[in-house]
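In what follows, a structure is listed as C-alpha coordinates, so that the remarks can point back to it.
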Amino acid sequence: MGQIEISLDDKKLKYFERQKRRVGFEWKHNIADWRRVAEFILEWEGAQPESQKIPPKTPGLGNQHDEESIPNGMNQWLESLAKEMEIQVSNLWRYRKAAQSAIQLWGDKYEIKSCNSIPKHMSPESIELVEKISRAAPSEVVNDITERLYQKAITRSELRKIWQNIRHVVKTESCNNPIYYKLPPTDIYRRDKLFEELCFEFLRKNLMAGSPSILKGCGKCYANENIKEQGLDILAMAKDENECVFYHAIVIRSTAQKKDSQPLIDLYENFDFTWILTSNIIENEQLIPSKVGIMQFTDKSLKLIRYPVQNQNPDLTIICRYLITSIIPK
(Lines give C-alpha, C1' and ligand atoms only; values in the text may rest on other atoms or scores of the structure.)
Protein backbone atom coordinates (compact mmCIF):
# COMPACT_ATOMS: atom_id res chain seq x y z
CA MET A 1 0.00 0.00 0.00
CA GLY A 2 1.14 3.50 -0.67
CA GLN A 3 3.54 2.39 -3.46
CA ILE A 4 3.22 3.95 -6.93
CA GLU A 5 2.20 1.38 -9.51
CA ILE A 6 4.15 1.52 -12.77
CA SER A 7 2.13 0.79 -15.91
CA LEU A 8 3.27 -1.77 -18.48
CA ASP A 9 4.09 1.06 -20.89
CA ASP A 10 6.24 2.74 -18.27
CA LYS A 11 8.07 -0.52 -17.62
CA LYS A 12 8.74 -0.93 -21.32
CA LEU A 13 9.98 2.64 -21.56
CA LYS A 14 12.39 2.18 -18.68
CA TYR A 15 13.59 -1.15 -20.09
CA PHE A 16 14.36 0.26 -23.51
CA GLU A 17 16.08 3.31 -22.05
CA ARG A 18 18.38 1.02 -20.05
CA GLN A 19 18.96 -1.16 -23.11
CA LYS A 20 19.73 1.89 -25.22
CA ARG A 21 22.48 2.98 -22.84
CA ARG A 22 23.77 -0.59 -22.70
CA VAL A 23 23.90 -0.96 -26.49
CA GLY A 24 25.65 2.40 -26.76
CA PHE A 25 28.26 1.33 -24.22
CA GLU A 26 28.81 -2.06 -25.90
CA TRP A 27 29.13 -0.45 -29.34
CA LYS A 28 31.66 2.17 -28.25
CA HIS A 29 33.74 -0.52 -26.53
CA ASN A 30 33.60 -2.91 -29.53
CA ILE A 31 31.57 -5.48 -27.59
CA ALA A 32 28.47 -5.35 -29.81
CA ASP A 33 28.39 -5.54 -33.61
CA TRP A 34 25.75 -4.42 -36.10
CA ARG A 35 23.67 -7.56 -35.54
CA ARG A 36 23.23 -6.74 -31.87
CA VAL A 37 22.16 -3.22 -32.77
CA ALA A 38 19.69 -4.47 -35.40
CA GLU A 39 18.24 -6.94 -32.90
CA PHE A 40 17.63 -4.11 -30.43
CA ILE A 41 16.00 -1.92 -33.10
CA LEU A 42 13.65 -4.70 -34.20
CA GLU A 43 12.85 -5.53 -30.57
CA TRP A 44 11.93 -1.90 -29.90
CA GLU A 45 9.90 -1.67 -33.10
CA GLY A 46 8.03 -4.88 -32.31
CA ALA A 47 6.98 -3.51 -28.93
CA GLN A 48 5.36 -0.42 -30.44
CA PRO A 49 1.64 -0.07 -31.20
CA GLU A 50 0.67 -0.62 -34.84
CA SER A 51 0.39 3.13 -35.44
CA GLN A 52 4.10 3.53 -34.66
CA LYS A 53 5.33 0.74 -36.96
CA ILE A 54 6.52 1.21 -40.52
CA PRO A 55 3.91 -0.23 -42.91
CA PRO A 56 4.97 -3.07 -45.22
CA LYS A 57 6.58 -1.97 -48.48
CA THR A 58 4.72 -2.16 -51.76
CA PRO A 59 6.12 -5.07 -53.85
CA GLY A 60 8.38 -3.87 -56.65
CA LEU A 61 9.62 -0.76 -54.89
CA GLY A 62 13.11 -0.15 -53.59
CA ASN A 63 14.52 -0.08 -50.08
CA GLN A 64 13.28 3.35 -49.08
CA HIS A 65 9.92 4.32 -47.64
CA ASP A 66 8.35 7.70 -48.21
CA GLU A 67 9.13 10.05 -45.33
CA GLU A 68 5.40 10.42 -44.65
CA SER A 69 5.11 6.66 -43.95
CA ILE A 70 7.79 6.64 -41.23
CA PRO A 71 6.32 7.32 -37.76
CA ASN A 72 7.83 10.42 -36.17
CA GLY A 73 8.35 8.53 -32.90
CA MET A 74 10.61 6.01 -34.61
CA ASN A 75 12.64 8.75 -36.25
CA GLN A 76 13.18 10.43 -32.91
CA TRP A 77 14.04 7.18 -31.13
CA LEU A 78 16.60 6.16 -33.76
CA GLU A 79 18.16 9.62 -33.58
CA SER A 80 18.52 9.25 -29.82
CA LEU A 81 20.03 5.77 -30.23
CA ALA A 82 22.49 7.08 -32.84
CA LYS A 83 23.50 9.86 -30.44
CA GLU A 84 24.05 7.29 -27.69
CA MET A 85 26.24 5.20 -30.02
CA GLU A 86 27.93 8.27 -31.56
CA ILE A 87 27.20 7.21 -35.15
CA GLN A 88 25.07 8.49 -38.03
CA VAL A 89 21.39 7.59 -37.88
CA SER A 90 21.59 6.38 -41.51
CA ASN A 91 23.75 3.48 -40.25
CA LEU A 92 20.92 2.34 -37.99
CA TRP A 93 18.49 2.30 -40.88
CA ARG A 94 21.01 0.20 -42.86
CA TYR A 95 21.44 -2.29 -39.98
CA ARG A 96 17.68 -2.65 -39.66
CA LYS A 97 17.22 -3.21 -43.38
CA ALA A 98 20.15 -5.66 -43.61
CA ALA A 99 18.74 -7.78 -40.78
CA GLN A 100 15.29 -7.92 -42.35
CA SER A 101 16.78 -8.82 -45.76
CA ALA A 102 19.00 -11.54 -44.28
CA ILE A 103 16.07 -13.17 -42.52
CA GLN A 104 14.04 -13.03 -45.73
CA LEU A 105 16.80 -14.31 -48.05
CA TRP A 106 18.39 -17.01 -45.85
CA GLY A 107 15.74 -17.65 -43.21
CA ASP A 108 14.07 -20.72 -44.69
CA LYS A 109 17.18 -22.51 -46.00
CA TYR A 110 19.50 -21.85 -43.05
CA GLU A 111 16.96 -21.17 -40.32
CA ILE A 112 18.03 -17.57 -39.84
CA LYS A 113 15.16 -16.34 -37.73
CA SER A 114 16.91 -13.67 -35.66
CA CYS A 115 19.73 -11.16 -36.01
CA ASN A 116 22.10 -13.21 -33.87
CA SER A 117 21.86 -16.18 -36.26
CA ILE A 118 23.15 -14.10 -39.19
CA PRO A 119 26.74 -15.25 -39.88
CA LYS A 120 29.28 -12.80 -38.50
CA HIS A 121 31.11 -12.42 -41.84
CA MET A 122 28.00 -11.07 -43.59
CA SER A 123 28.21 -7.28 -43.53
CA PRO A 124 25.21 -4.96 -43.97
CA GLU A 125 26.75 -3.65 -47.20
CA SER A 126 27.09 -7.14 -48.69
CA ILE A 127 23.56 -8.11 -47.66
CA GLU A 128 22.24 -4.90 -49.20
CA LEU A 129 23.98 -5.70 -52.50
CA VAL A 130 22.56 -9.24 -52.54
CA GLU A 131 19.09 -7.85 -51.82
CA LYS A 132 19.38 -5.41 -54.72
CA ILE A 133 20.64 -8.10 -57.08
CA SER A 134 17.86 -10.45 -56.01
CA ARG A 135 15.28 -7.93 -57.21
CA ALA A 136 16.73 -7.67 -60.70
CA ALA A 137 18.74 -10.81 -61.51
CA PRO A 138 17.48 -14.16 -62.81
CA SER A 139 16.84 -16.72 -60.08
CA GLU A 140 19.92 -18.76 -61.04
CA VAL A 141 22.21 -15.80 -60.30
CA VAL A 142 20.37 -15.01 -57.06
CA ASN A 143 20.66 -18.59 -55.80
CA ASP A 144 24.36 -18.59 -56.61
CA ILE A 145 25.30 -15.34 -54.87
CA THR A 146 23.17 -15.99 -51.78
CA GLU A 147 24.84 -19.37 -51.32
CA ARG A 148 28.32 -17.96 -51.92
CA LEU A 149 27.85 -15.09 -49.46
CA TYR A 150 26.55 -17.44 -46.78
CA GLN A 151 29.55 -19.74 -47.34
CA LYS A 152 31.96 -16.75 -47.32
CA ALA A 153 32.92 -17.51 -50.92
CA ILE A 154 32.30 -14.09 -52.48
CA THR A 155 33.67 -10.65 -51.68
CA ARG A 156 31.86 -7.34 -51.43
CA SER A 157 33.86 -6.16 -54.44
CA GLU A 158 32.56 -9.10 -56.53
CA LEU A 159 28.99 -8.38 -55.46
CA ARG A 160 29.44 -4.73 -56.36
CA LYS A 161 30.62 -5.72 -59.87
CA ILE A 162 27.61 -7.99 -60.37
CA TRP A 163 25.28 -5.19 -59.28
CA GLN A 164 26.98 -2.71 -61.59
CA ASN A 165 26.54 -5.15 -64.49
CA ILE A 166 22.87 -5.72 -63.83
CA ARG A 167 21.61 -2.42 -62.42
CA HIS A 168 20.55 -1.32 -65.92
CA VAL A 169 17.34 -3.28 -65.40
CA VAL A 170 16.30 -0.79 -62.73
CA LYS A 171 13.93 1.87 -63.99
CA THR A 172 14.17 4.85 -61.66
CA GLU A 173 11.08 7.04 -61.53
CA SER A 174 12.39 8.98 -58.56
CA CYS A 175 15.45 8.77 -56.35
CA ASN A 176 13.49 6.93 -53.64
CA ASN A 177 11.35 4.64 -55.78
CA PRO A 178 13.35 2.42 -58.16
CA ILE A 179 11.21 -0.21 -59.87
CA TYR A 180 12.84 -3.56 -60.59
CA TYR A 181 12.19 -5.93 -63.48
CA LYS A 182 13.26 -9.55 -63.70
CA LEU A 183 13.14 -10.15 -67.44
CA PRO A 184 11.51 -7.22 -69.24
CA PRO A 185 9.67 -8.87 -72.17
CA THR A 186 9.58 -5.80 -74.42
CA ASP A 187 13.05 -4.35 -73.87
CA ILE A 188 15.53 -6.26 -76.05
CA TYR A 189 18.51 -4.33 -74.68
CA ARG A 190 17.71 -5.26 -71.10
CA ARG A 191 17.03 -8.88 -71.99
CA ASP A 192 20.39 -9.10 -73.76
CA LYS A 193 22.19 -7.56 -70.79
CA LEU A 194 20.58 -10.03 -68.40
CA PHE A 195 21.52 -12.87 -70.73
CA GLU A 196 25.16 -11.66 -70.72
CA GLU A 197 25.22 -11.57 -66.92
CA LEU A 198 23.74 -15.04 -66.68
CA CYS A 199 26.23 -16.48 -69.18
CA PHE A 200 29.13 -14.88 -67.34
CA GLU A 201 28.09 -16.34 -63.98
CA PHE A 202 27.70 -19.87 -65.38
CA LEU A 203 31.00 -19.69 -67.25
CA ARG A 204 32.74 -18.38 -64.12
CA LYS A 205 31.42 -21.31 -62.09
CA ASN A 206 32.31 -23.71 -64.88
CA LEU A 207 35.92 -22.47 -64.95
CA MET A 208 36.27 -22.67 -61.17
CA ALA A 209 35.09 -26.28 -61.02
CA GLY A 210 37.55 -28.90 -59.84
CA SER A 211 37.41 -30.83 -63.11
CA PRO A 212 38.32 -29.38 -66.53
CA SER A 213 35.71 -26.95 -67.76
CA ILE A 214 34.02 -26.60 -71.12
CA LEU A 215 37.16 -24.63 -72.08
CA LYS A 216 39.23 -27.75 -71.26
CA GLY A 217 40.89 -26.19 -68.24
CA CYS A 218 40.33 -24.38 -64.95
CA GLY A 219 40.74 -20.66 -64.51
CA LYS A 220 39.01 -17.29 -64.37
CA CYS A 221 37.04 -14.98 -66.61
CA TYR A 222 36.64 -11.22 -66.77
CA ALA A 223 34.00 -8.86 -68.14
CA ASN A 224 33.66 -5.10 -67.93
CA GLU A 225 32.92 -2.07 -70.07
CA ASN A 226 36.60 -1.59 -70.98
CA ILE A 227 36.66 -5.03 -72.61
CA LYS A 228 33.28 -4.55 -74.32
CA GLU A 229 34.46 -1.35 -75.95
CA GLN A 230 37.10 -3.44 -77.73
CA GLY A 231 34.53 -5.86 -79.13
CA LEU A 232 34.84 -8.58 -76.49
CA ASP A 233 32.28 -9.65 -73.87
CA ILE A 234 34.36 -12.09 -71.80
CA LEU A 235 38.09 -12.67 -71.51
CA ALA A 236 38.78 -16.11 -70.05
CA MET A 237 42.04 -17.71 -68.93
CA ALA A 238 42.12 -21.50 -68.64
CA LYS A 239 45.03 -23.66 -67.51
CA ASP A 240 45.17 -27.19 -68.89
CA GLU A 241 46.54 -30.35 -67.24
CA ASN A 242 50.05 -29.42 -68.39
CA GLU A 243 49.87 -26.07 -66.60
CA CYS A 244 49.72 -24.21 -69.92
CA VAL A 245 47.53 -21.08 -69.88
CA PHE A 246 45.34 -20.31 -72.89
CA TYR A 247 43.42 -17.11 -73.51
CA HIS A 248 39.86 -17.34 -74.79
CA ALA A 249 37.95 -14.49 -76.44
CA ILE A 250 34.20 -14.93 -75.93
CA VAL A 251 31.45 -12.95 -77.64
CA ILE A 252 27.93 -13.26 -76.26
CA ARG A 253 24.94 -12.99 -78.58
CA SER A 254 21.41 -13.95 -77.61
CA THR A 255 20.92 -14.62 -81.34
CA ALA A 256 23.89 -15.31 -83.62
CA GLN A 257 23.84 -13.36 -86.87
CA LYS A 258 25.90 -13.23 -90.05
CA LYS A 259 27.20 -9.76 -89.16
CA ASP A 260 29.10 -11.32 -86.23
CA SER A 261 31.42 -13.16 -88.63
CA GLN A 262 34.08 -10.48 -89.24
CA PRO A 263 34.46 -9.36 -85.59
CA LEU A 264 34.98 -13.01 -84.62
CA ILE A 265 37.66 -13.42 -87.29
CA ASP A 266 39.43 -10.31 -85.98
CA LEU A 267 39.43 -11.73 -82.44
CA TYR A 268 40.67 -15.12 -83.66
CA GLU A 269 43.80 -13.50 -85.07
CA ASN A 270 44.77 -12.29 -81.59
CA PHE A 271 43.69 -14.99 -79.10
CA ASP A 272 44.45 -18.67 -78.56
CA PHE A 273 40.77 -19.55 -78.91
CA THR A 274 37.70 -17.58 -79.97
CA TRP A 275 34.10 -18.40 -79.11
CA ILE A 276 30.56 -17.24 -79.60
CA LEU A 277 28.14 -17.96 -76.75
CA THR A 278 24.51 -17.92 -77.85
CA SER A 279 21.08 -18.99 -76.69
CA ASN A 280 19.54 -19.95 -80.02
CA ILE A 281 20.12 -23.28 -81.72
CA ILE A 282 22.26 -22.53 -84.74
CA GLU A 283 20.79 -24.52 -87.61
CA ASN A 284 23.30 -23.15 -90.10
CA GLU A 285 26.70 -23.15 -88.43
CA GLN A 286 28.21 -21.57 -91.53
CA LEU A 287 27.03 -18.26 -90.09
CA ILE A 288 29.96 -18.62 -87.71
CA PRO A 289 33.58 -18.85 -89.03
CA SER A 290 34.74 -22.48 -88.95
CA LYS A 291 37.66 -21.72 -86.61
CA VAL A 292 35.39 -20.17 -83.99
CA GLY A 293 33.91 -22.32 -81.23
CA ILE A 294 30.24 -22.32 -80.31
CA MET A 295 28.76 -22.57 -76.83
CA GLN A 296 25.04 -22.55 -76.16
CA PHE A 297 23.37 -21.48 -72.95
CA THR A 298 20.15 -23.43 -72.60
CA ASP A 299 18.15 -25.17 -69.90
CA LYS A 300 20.19 -23.40 -67.21
CA SER A 301 23.45 -24.93 -68.40
CA LEU A 302 26.31 -24.42 -70.85
CA LYS A 303 26.47 -26.80 -73.80
CA LEU A 304 29.42 -27.31 -76.13
CA ILE A 305 28.32 -27.18 -79.77
CA ARG A 306 31.70 -26.91 -81.45
CA TYR A 307 35.24 -26.53 -80.09
CA PRO A 308 37.34 -23.80 -81.74
CA VAL A 309 40.51 -24.31 -83.73
CA GLN A 310 43.57 -23.17 -81.82
CA ASN A 311 45.40 -20.11 -83.15
CA GLN A 312 49.08 -21.05 -83.24
CA ASN A 313 50.24 -17.41 -83.37
CA PRO A 314 48.26 -15.37 -80.83
CA ASP A 315 49.25 -11.74 -80.33
CA LEU A 316 50.48 -11.56 -76.73
CA THR A 317 50.78 -7.78 -76.88
CA ILE A 318 47.08 -7.40 -77.64
CA ILE A 319 46.17 -10.08 -75.08
CA CYS A 320 48.11 -8.14 -72.41
CA ARG A 321 46.23 -5.00 -73.40
CA TYR A 322 42.94 -6.78 -72.83
CA LEU A 323 44.18 -8.16 -69.50
CA ILE A 324 45.14 -4.70 -68.29
CA THR A 325 41.81 -3.17 -69.29
CA SER A 326 39.98 -6.05 -67.59
CA ILE A 327 41.29 -5.04 -64.16
CA ILE A 328 41.27 -1.25 -64.52
CA PRO A 329 37.93 0.29 -63.48
CA LYS A 330 36.23 2.43 -66.07
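For every residue, the table says whether it meets (1) over 23 Å from residue 224 (Cβ atoms); (2) buried (at least 19 other Cβ atoms within 10 Å of the Cβ); (3) modelled with pLDDT of 85 or more.
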residue	(1), (2), (3)
148	no, no, yes
154	no, yes, yes
158	no, no, yes
190	no, yes, no
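Give region 208-227 a look and list any residue that's at pLDDT 80 or above and not in a loop (DSSP other than H, G, I, E, B), or say none.
Within region 208-227, 208, 218, 219, 220, 221, 222, 227 qualify.
Quick one: what pairs do we get from region 214-237, first residue under 11 Å from residue 203 (Cβ atoms) and touching a residue at least 12 places away in the same chain (Cβ under 8 Å), second part of a strand (DSSP E or B) and among the charged types (D, E, K, R), C-beta under 6 Å, 6+ apart or different chains?
Within 6 Å, the pairs are 219/239.
The conditions are (1) surrounded by 15 or more Cβ atoms within 10 Å (Cβ to Cβ); (2) farther than 17 Å from residue 233 by Cβ; (3) modelled with pLDDT under 90, and residue 324 fails exactly one of them. Which is it?
For residue 324, the failing item is (1).
The values are calculated or read from the model by the stated rules, or taken from the named source; none is laboratory data. Computed from a predicted model, the values in this text were never measured in an experiment. In this analysis, Cβ positions are derived from the backbone assuming ideal geometry, glycine residues included, and neighbour counts consider all displayed protein chains.
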